[in-house]
Amino acid sequence: MSYLTPPLGRLVGAFQKLPGIGPKNAQRLAFHIVRQPRQVAEDLAEALLNAKDTIRFCSICSNLSASDPCEICQHSERDQGLICVVADARDVLALERTHEYRGTYHVLQGLISPMDGIGPEQLKVRELLQRLQQMQTDGVALREVIFALSPTVEGDATTLYLTRMLRSLDIPMSRIAFGLPMGGDLEYADEVTLARALEGRRSI
Amino acid sequence: MSNLPPQRHRFDVAALQLKQYPYGEGDQILLLLTREHGLLRAIAKGTRKPRSKLAGLLAPLRCNQLTLVCGRNLHRVEQASSLQSFSSLQNDYDALMAGLVMGEVTAAFCQEEDPQPALFDAFCLGLLQLQSGFAPRALLLWFLLYLLENQGFYQDWRYCAGCERQLQAKDRVFLLGSAGVLLCQPCKPGAEGARYLYPEQLLALQQLQQAPEPLPLDLDERRCNGLLWFLQQHLEQLSGKSLKSFAFLYPLPEAGSASPVATPVKQGVNTP
Ligand SMILES: [Zn+2]
Ligand SMILES: [Zn+2]
């Protein structure tokens, strides 16, 4: 067990509580910070507290945002009748990077995970349903709900659950395609991915 | 009395994946069911990172041929190829949930290094049947009863556990979930938590007893759920574990119903 002076030990401990940060990475980050000028540490601390104090869930789409409604829900050029359902705020960033999608989002804040006991009531499912029902009441034309959830058991369970729950609202629903990565070689794809790509083929 | 090869040796095994959990920065620990070794734990390196070659295969309810390298605490997955992906389960909520319950219960009852050839085959048969459209709840009832018998918890559901009298279709029969037994009307007083069993439920339990493969049951969803709920109590009592996935079997709400999101309510359970 290596010796760390208590303030450094506390910093390492704080970093180690972050997801994906093991003991070695925590030490690397802590040593980096203490070697930097005081201003770097101040900026970091200030940014952390500022983010924590100002970022909230958007009351429409449950995305993380400093404004409510969020920038996307407020944007006049966004197609309000098109809703893309994602698991996490990071998925919104990923989809925004495509520059292809001009609708809005709904962030579930997780996925249904039966073996871990994570059910719909722990996610922003009720909010999605209320949002869609409210839109129908307000006469907003709902063109499509797109499910962009990962091709895992949890993603499948969530998509199946939501499509069944929303069935009676009579809104067109779709799920993003799964299959081969762009630039990937067919022969290196695993059997399951390839089978799913075949299943999701479309006519040309 | 390990029948596993010594450390750093490679061995091939057909394995059904029951569950996995994240480990370290990009790895996963897999919980596997095998014929020869019962439960096995193995680490799959880098499968939570993009471009992992194995990630597509190593998912719950998939059966793969794995090459494992023996380690002191954990085996490591070196290669995988698909034997059965049961991939159409991902299109059917009830079938997927039934499969996940099978996985959770199996993980709760099996041990490492305790061979499970019959249970492994029953699990695969169950998934195949689910995939070909067999009623998920009836299939799950069969599998759970099969597992109980297979793991040495045989109960003869032809007789009252109190007076050992043979139960007839015309009798009022009660289930005692905590003990996993049936009681006749005269034996019921004092058995706290005993619930009425409908005659068609009694018949289904008796038909499924020792059935080597799933049987179609003449039970509606509510009656199936009643039996599943009973088995859940019994299995939780026996294993000492809370079996979380059962809650996802009970009725799904639809938009417009009174409480659309409060799913895991134990509806459909027999009311006295
Ligand atoms: Zn928003
Ligand atoms: Zn009796």
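The values are calculated or read from the model by the stated rules, or taken from the named source; none is laboratory data. Note that the structure is predicted; figures quoted are calculated from it, not measured. As a convention, Cβ positions derive from the backbone with ideal geometry for all residues, glycine included, and neighbour counts pool all protein chains shown. The protein model used for the area step is the full one, side chains on, heavy atoms only, and it has no ligands, DNA or RNA in it. Shrake-Rupley method; radii C 1.70, N 1.55, O 1.52, S 1.80 Å.
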Compare A:GLY179, A:GLY119, A:GLY155 in a GNM of chain A, Cα atoms joined below 10 Å, and give the one with the largest fluctuation.
-> A:GLY179
If you build a Gaussian network model of chain B, linking Cα atoms that sit under 10 Å apart, which residue out of B:GLY46, B:GLY190, B:GLY38 swings the most?
-> B:GLY190
Exposed-site-free run, longest, chain A (rule: GluC sites (Glu not before Pro); DSSP loop; at most 11 other C-beta within 10 Å) = A:101-204
What angle do you read, to the nearest 10 degrees and between 0 and 90, between the alpha-carbon axis of helix B:117-131 and the longest principal axis of chain B?
-> 80
Using DSSP to define loop residues, name the chymotrypsin sites (Phe, Trp or Tyr not before Pro) in segment B:51-134 whose beta-carbon has at most 16 other beta-carbon atoms within 10 Å.
-> none
Determine, from the Cβ-Cβ distance of A:LEU44 and A:ASP79 and an R0 of 30 Å, the FRET efficiency 1/(1 + (r/R0)^6), rounded to the nearest 0.05.
-> 0.20
Note: A:ARG164 to A:LYS24 extended length (0.36 nm per residue) minus current alpha-carbon separation gives 45.9 nm
Can you give the accessible area of B:HIS9 in Å² (nearest 10), computed on protein heavy atoms with a 1.4 Å probe?
-> 100
Over the protein assembly as shown, with neighbouring protein chains present, the accessible area per residue in Å² at probe 1.4 Å is 52
Angle between chain B longest axis and helix B:93-109 axis [Cα atoms, degrees, rounded to 10] | 80
Net charge near B:LYS244 (other residues with Cβ under 11 Å of its Cβ; Lys, Arg +1; Asp, Glu -1) is -2
Based on the alpha-carbon gyration tensor of segment B:148-257 and its eigenvalue square roots a ≥ b ≥ c, which shape applies: rounded if a/c is under 1.5, prolate if not and a/b is larger than b/c, or oblate?
-> rounded
Estimated [θ] at 222 nm from DSSP helical runs (n ≥ 4, -39500 (n - 2.57)) normalised by residues in the protein assembly as shown, nearest 500 | -11000 deg cm²/dmol
Could you work out which residue, out of A:LYS52, A:LYS17, A:LYS124, moves most in a Gaussian network model of chain A, that is, has the largest mean-square fluctuation with Cα springs under 10 Å?
-> A:LYS17
Lysines with Cα under 27 Å of A:LYS52, excluding same-chain neighbours fewer than 8 positions away | A:LYS17, A:LYS24, A:LYS124
Under 1.5 on a/c is rounded, so check that first for segment B:148-193, then, if it is not, pick prolate when a/b is larger than b/c and oblate when it is not; a ≥ b ≥ c are the square roots of the alpha carbon gyration tensor eigenvalues.
-> oblate
Give the cross-link partners of B:LYS170 among the lysines, using a straight C-alpha distance below 21 Å as the criterion and excluding same-chain residues fewer than 8 apart.
-> B:LYS188
For the residue pair A:TYR3 and A:GLN136, what label-to-label distance in nm results when each label sits 7 Å from Cα along the Cα-to-beta-carbon direction?
-> 6.9
Over chain B, calculate the relative contact order: mean separation of alpha carbon pairs under 8 Å at least 6 apart, over the residue count, as a percent.
-> 15
